[in-house]
Amino acid sequence: MQITTVIAVAVAAYLPSVLAANAIVINNCSFPAYVQSVSNGQPAGPLITLAPNGSIYSEAFKTGGTAIKVGWHPQLSGPLTFEYTPSNGLVYYDISNNAGNPFSG
């Protein structure tokens, strides 16, 4: 698997760190990857195609729980899921393949 998921935090002197943070997905695969962000109580965001070999998806942290689904097929069946929730100046997160493992094999 060559998908890299990174939490990058840029801290500005006048902003709390959670407000300046981003969730980042980097596609280091030799094939396209597909990414979609879904936040609690909100419609799913657009399906984003990440080109092979270093294409980057980044989003500023959203309030409430958010899941970023990553897969190698546009239908995102059985995606790798990165979930995060900012709360009280901290960010709680997990990465799971409990819906499937699109990059196995």
Search the structure for amide H atoms under 5 Å from the amide H of residue 55, placed 1.01 Å from N in the peptide plane, and list their residues when 5 or more places away or on another chain.
27
Pop out the ³J(HN,Hα) list for segment 30-44 in order, Karplus 6.51 cos²θ - 1.76 cosθ + 1.60 with θ = phi - 60°, rounded to Hz; leave Gly and Pro as x.
8, 9, x, 10, 10, 10, 9, 9, 10, 10, 3, x, 10, x, 4
Formal net charge of residues neighbouring residue 98 (Cβ-Cβ distance under 13 Å; K, R +1; D, E -1):
-1
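None of the figures in this text is laboratory data; all of them are computed from the coordinates on show. This structure is a prediction, so every number in the text was calculated from the model and none was measured. All Cβ positions, even for glycine, are placed from backbone atoms using ideal geometry, and neighbour counts span all protein chains on display.
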